[in-house]
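In what follows, a structure is listed as structure tokens, so that the remarks can point back to it.
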């Protein structure tokens with residue numbers, strides 16, 4: 001259900017025009033990613049007996065033993081490569097190579113061929129599931145994990161789809177453009193009619209499980 005302008009306090013704040021939406025895998029302060037490709041029809045949920053078993057927390061070591069299970073909420077799908085040095089832990093500064101895909105296989109973000117992503121593990125600058133995937137990883141290893149929505153960008157909240165009268169919005173708005181409410185809350189314009197501008201203030205990956213292929217190339 002769409003929330004109208006007069007019923008949502010966010011809509012009482014002025015809108016600021018920003019640039020087009022861009023991809024990012026960071027935390028809530030980062031701009032939202034580009035809209036991902038349309039997802040395929042979801043497959044029926046697996047029976048309870050087929051779900052990965054919840055693994056006991058093994059701390060900073062033992063990732064290999066966690067493959068095929070769930071560790072602290074994230075599914076460890078695979079671990080490859082010959083690890084070197086100490087396993088990464090909270091407080092370490094690491095340079096990360098990553099690729100993110102949705103359940104339909106479409107890629108939503110990657111830094112392949114670009115600069116490494118600098119992360120201080122446990123500092124809260126990336127989504128919680130990404131932080132968890134780095135713990136225990138060593139240089140030379142590549143881990144593939146599936147992160148549920150609650151450890152990624154959360155579930156969608158339809159109350160954050162906001163309808164604002166055209167008279168209350170600045171000129172020059174276009175569908176797909178990022179905007180920011182005066183209180184600092186970001187959103188993306190999803191529809192423009194003669195009467196209103198529709199802004200979705202959900203993160204564009206809200207409600208999505210995310211699969212990441214991650215490797216650490218530097219560790220300090």
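The values are calculated or read from the model by the stated rules, or taken from the named source; none is laboratory data. If you're wondering where the values come from, they're calculated on a predicted model, not measured in any experiment. Note that each Cβ is placed from the backbone with ideal geometry, even for glycine, and that neighbours are counted across all protein chains shown.
Being over 15 Å from the mean Cα position of the chain (by Cα), assigned by TED's automatic domain parsing to the domain that holds residue 89 and in contact (Cβ under 8 Å) with a residue 40 or more places away in the chain narrows it down to one of 139, 147, 162, 214, so name that one. Step through it out loud before you land on a result.
On the way: 147 fails: over 15 Å from the mean Cα position of the chain (by Cα); 162 fails: assigned by TED's automatic domain parsing to the domain that holds residue 89; 214 fails: over 15 Å from the mean Cα position of the chain (by Cα).
From the options 139, 147, 162, 214, the qualifying one is 139.
The set of residues from the stretch 201-213 being in a strand (DSSP E or B) and buried (at least 20 other Cβ atoms within 10 Å of the Cβ) comprises 210, 212. Can you tell me which residues in the stretch 82-115 are in contact (Cβ under 8 Å) with a residue 40 or more places away in the chain, closer than 19 Å to residue 132 by Cβ and more than 17 Å from the chain's Cα centre (by Cα)? Across the stretch 82-115, the qualifying residues are 83, 86, 87, 88, 89, 90, 92, 93, 94, 95.
Answer with yes or no whether residue 185 is surrounded by 13 or more Cβ atoms within 10 Å (Cβ to Cβ), over 20 Å from residue 104 (Cβ atoms) and more than 17 Å from the chain's Cα centre (by Cα). So residue 185 does not fit the description; no. Among the residues of the stretch 145-165, those identified as in contact with a strand residue (DSSP E or B) (Cβ under 6 Å, 6 or more places away or on another chain) and surrounded by fewer than 17 Cβ atoms within 10 Å (Cβ to Cβ) are 159, 165. I'd like to know if the stretch 166-178 contains one or more residues that are touching a helix residue (DSSP H, G or I) at 6+ places or on another chain (Cβ under 8 Å), in contact (Cβ under 8 Å) with a residue 24 or more places away in the chain and over 30 Å from residue 88 (Cβ atoms). Checked the stretch 166-178: at least one residue is touching a helix residue (DSSP H, G or I) at 6+ places or on another chain (Cβ under 8 Å), in contact (Cβ under 8 Å) with a residue 24 or more places away in the chain and over 30 Å from residue 88 (Cβ atoms).
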